[in-house]
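The values are calculated or read from the model by the stated rules, or taken from the named source; none is laboratory data. All values derive from a computational prediction rather than experimental measurement. Every residue, glycine among them, receives a Cβ derived from its backbone with ideal geometry; neighbour counts consider all protein chains shown.
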Amino acid sequence: MPDSFRYLGRQAIVDRQQQLVAYELLFRSSPANFALVRDDLLASAEVLRNAFGELGNVDVLGQFPGFINASADLLQDRILDQLPAERLVLEILETVTVTDELLLRMAQLRARGFRLALDDVVHLGADQMAMLPLVDIVKVDVAAVDAAHLPVLKAQLDGFDGILLAEKVDSHAQFERCCELGFDWFQGYFHSRPVVLSSADLG
């Protein structure tokens, strides 16, 4: 394919009935289904440009919201002012440092209509607890949490009134276990692997 083509990864997110509820949009720089990310902000900006510009969000997302990784820099970037807040869920990366400025910005983005998610949660430390009242979705990385500790982590989230999403669910047995524990949404190879879209695919 020509170098001028635009690429975008997309992975389904489903509910307890395995019905599609959202997509995660992923950085891809070629038809190969993997990403080498050197700069979180540039990667997310490229995803946004491709999803809402080059490829078109109607083709990419249909009626569903799109999850996108959000570094601290992206959360502060004016690019978000140009995007349809109702179409996006901003996944706050686990590398983000919590500050008063960040918490204020999260509140502002939420007030604008963005939904916020905590990404790759494996424990609830002080940073996660500070952000919890400002997010709509918590994504628990079940591949990185010991199976014996997963019920403990889930119990710690029982007071959270948003959506609990189990990510990296790679087998039907894991899916069933997460359903039993009370997770709402699911993402992983048990349902579908990411696919790579390009401007040619979407014509």
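Residue by residue, here is whether (1) among the aliphatic types (A, V, I, L, M); (2) farther than 16 Å from THR97 by Cα holds:
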{"residue": "GLY113", "(1), (2)": "no, yes"}
{"residue": "ASP120", "(1), (2)": "no, no"}
{"residue": "LEU132", "(1), (2)": "yes, no"}
{"residue": "ALA147", "(1), (2)": "yes, yes"}
{"residue": "PRO151", "(1), (2)": "no, yes"}
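Would you be able to say whether some residue in segment 103-114 is surrounded by 15 or more Cβ atoms within 10 Å (Cβ to Cβ) and closer than 11 Å to PHE160 by Cβ?
Let us first name the residues in segment 103-114 that are surrounded by 15 or more Cβ atoms within 10 Å (Cβ to Cβ), namely 105-106, 109-110, 114.
Restricting the remaining residues to those that are closer than 11 Å to PHE160 by Cβ gives none.
No: zero hits.
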Going by what's in this entry, would ASP59 be described as in a helix (DSSP H, G or I), touching a helix residue (DSSP H, G or I) at 6+ places or on another chain (Cβ under 8 Å) and modelled with pLDDT under 90? no
Looking at (1) part of a loop (DSSP other than H, G, I, E, B); (2) under 13 Å from the mean Cα position of the chain (by Cα); (3) of a type in the set (A, V, I, L, M, F, W, C), which is the one condition that is false for PHE67? (1)
Could you check, for segment 186-194, whether at least one of its residues is closer than 22 Å to GLN17 by Cβ, part of a strand (DSSP E or B) and under 16 Å from the mean Cα position of the chain (by Cα)? yes
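Residues checked against (1) assigned to a helix (DSSP H, G or I); (2) surrounded by fewer than 14 Cβ atoms within 10 Å (Cβ to Cβ); (3) among the polar types (S, T, N, Q):
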| residue | (1), (2), (3) |
| --- | --- |
| HIS123 | no, yes, no |
| LEU132 | yes, no, no |
| VAL140 | no, no, no |
| ALA148 | no, yes, no |
| ALA155 | yes, yes, no |
| LEU165 | no, no, no |
| GLU176 | yes, yes, no |
